[in-house]
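The structure appears right after this line, and notes come after that.
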Amino acid sequence: MKQSASMSRQLDPALVGPLPESPLEDSARMPMAAYGQRRPAAIGPILQAIQDAQNILVTAHARPDGDAVGSVLACGMMLEQLGKQVTMVFSDRVPLIYRWLPCAQSIQHLQRVQGDFDLAILLECDGIERTRLKGLDGRRLINIDHHTSGRNFAHLNWIDTDACAVAELVFTLACAAGVRITPEMATCLYMAVLTDTGSFCYEGTDAHTFSLAHELVRLGARPAPIAQDVYFSNPMSKMLLLGAALANLRRDGRIAWLWVTTSDMERSNAAEEDCEGIVNYAIGIAGVEVAVFLRELPDHRVRLSLRSKGAVNVAAVAEKLGGGGHENASGCTLPGPLPAALDAILLRLRTIF
Ligand SMILES: [Mn+2]
């Protein structure tokens, strides 16, 4: 990550100098007391480990979503302010709709991490393998996660399933570290919260979620341009793929499903990231309580995205099939062919209803 004037600010306001064009007063940039004071027990050892390290790698799960991208970026900016050498890495490329984010071009796209970094921070992973990065074994690791499938696999672990996004934990950490929450950081964190709460629609969205959003907007995140970039900047390939998926929409009572084949992907000229959100069209049907989106992979396995509304815990369903996620949003990968994977998931879901 390149050092830039806006990201190398130190804690002492006297060293900061004038901030770039912003209507906010300097004091308005400090987080509200509620956030600055919240300090879960896991934070102390994590801040100590960060302090002791010099070269720090930050990553999150493969196929990064908005929370993964935004949180890695904000975490990287926090570490730079703390004077660290920072490497931000994903095993997959950053989806197009997130590439406008501040510093997104600094994220490296690698299969194997190398170099002499002395600490790696893994966001939203239940194990090293979730990053799909090689070279993390034997490293000093910090695990920060908010999934119910979270596990204590690292040297230091902070799992808070009440957090609406891992961005909330990164924000709490940054506040505890005493760094300045820049408008760039607030933008990344707000985008993460916006996308991970399904635009403030998912179960668990409460007053606290909105006070977090309020805080990030106060610190410089601009909701309208961010929404514009995330929701109204889709590539044409995504719309064509959605059309193919909707042609494959089926329903049986409270279960709905839809799928795309590799040839649907090819015909639409679609990338993996174009599949993001398609499952929401199935869960959006009145009376449907569980929805599944199936995508045939090039290796003939099948990637499943599950969504529920109401009481059905799709994280439990996905975990039994080797995946994970949240109660209302989860995923897993099954052996193909596609009809066999569909049979397997429907069999399991029908035991619920
Ligand atoms: Mn998340």
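Every number here is computed from the coordinates shown, using simple stated rules; none is lab data. For clarity, every value in this text was computed on a predicted model and none was experimentally measured. Here the Cβ positions follow ideal geometry from the backbone for every residue, glycine too, while neighbour counts run over all protein chains shown.
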task: For the range 173-255, build the charge dipole from Cβ charges (+1 Lys, Arg; -1 Asp, Glu) around the Cα centre, then report which of Ala207, Ala245, Gln228 sits farthest towards its positive end.
output: Ala245
- request: Could you tell me how many degrees, from 0 to 90 and to the nearest 10, lie between the Cα long axis of helix 183-196 and the main elongation axis, the longest principal axis, of the Cα atoms of the chain?
  value: 20
- prompt: Spin-label point model (7 Å from Cα, Cβ direction): what's the Asp160 to Ala311 distance in nm?
  reply: 3.0
- request: Averaging sequence separations of C-alpha pairs under 8 Å and six or more residues apart, then dividing by the length of the range 77-224, give the relative contact order as a whole percent.
  value: 17
message: Using the Karplus curve 6.51 cos²θ - 1.76 cosθ + 1.60 with θ = phi - 60°, what ³J(HN,Hα) values do you get for each residue of the range 226-233, in whole Hz, with x for Gly and Pro?
response: 5, 4, 4, 5, 8, 9, 10, 9
- prompt: Can you list the HN-Hα couplings for the range 344-353, worked out from phi with the Karplus curve (6.51, -1.76, 1.60; θ = phi - 60°), rounded to whole Hz and with x for Gly and Pro?
  reply: 4, 6, 5, 4, 5, 5, 5, 6, 7, 9
message: How much length would be gained if the chain were fully extended between His208 and His109, taking 0.36 nm per residue of separation minus their Cα-Cα distance, in nm to one decimal?
response: 32.2 nm
Simple Cβ-charge dipole of the range 150-245, Lys/Arg +1 and Asp/Glu -1, about Cα centre, in debye nearest 20: 280
- line: Expected vector for the range 88-104, Karplus 3J(HN,Hα) from phi with 6.51, -1.76, 1.60 and θ = phi - 60°, integer Hz, x for Gly and Pro, equals 9, 9, 10, 7, 10, 6, 5, x, 3, 6, 10, 7, 7, 5, x, 6, 4
5 angstrom amide H check on Glu276, placed H, neighbours 5+ away: none
- prompt: In degrees between 0 and 90, to the nearest 10, how far off the longest principal axis of the chain does helix 43-52 point, with axes built from Cα atoms?
  reply: 60
- request: Count the net charge of all other residues whose Cβ sits under 11 Å from the Cβ of Cys332, scoring Lys and Arg as +1 and Asp and Glu as -1.
  value: +3
- line: With the 8 Å Cα cutoff and a minimum separation of six or more residues, the chain has a relative contact order in percent of 13
message: Check which residues have an amide H placed less than 5 Å from Thr87's amide H, if you skip close sequence neighbours.
response: Ile56, Leu57, Val58
- request: Could you tell me which of rounded, prolate or oblate describes the range 269-328, using a ≥ b ≥ c as the square roots of the eigenvalues of the alpha-carbon gyration tensor, with rounded for a/c under 1.5 and, failing that, prolate when a/b is larger than b/c and oblate otherwise?
  value: oblate
query: If each residue's Cβ is checked for other Cβ atoms within 10 Å, how do Leu212, Leu47, Leu347 rank with the fewest at the top?
result: Leu347, Leu47, Leu212
task: For every other residue with a beta carbon closer than 12 angstrom to the beta carbon of Gly253, add +1 if it is Lys or Arg and -1 if Asp or Glu, then tell me the sum.
output: +2
- prompt: If amide H atoms are built 1.01 Å from N in the plane of the peptide, which residues on other chains or at least 5 residues away come under 5 Å of the amide H of Trp158?
  reply: Asn143, Ile144, Asp145
- request: Would you calculate a helix-derived [θ] at 222 nm for the chain, using -39,500 (n - 2.57) for each DSSP H run of n ≥ 4 and dividing by the full residue count, to the nearest 500?
  value: -10500 deg cm²/dmol
field: Electrostatic dipole magnitude of the chain [Cβ: Lys, Arg +1; Asp, Glu -1; Cα centre; debye, to 20]
entry: 420
field: Which of Ser106, Ser199, Ser308 has the fewest Cβ neighbours within 10 Å, and the rest in rising order
entry: Ser199, Ser106, Ser308
- line: In degrees, nearest 10, the alpha-carbon axis of helix 66-81 is tilted away from the dominant principal axis of the alpha carbons of the chain by 10
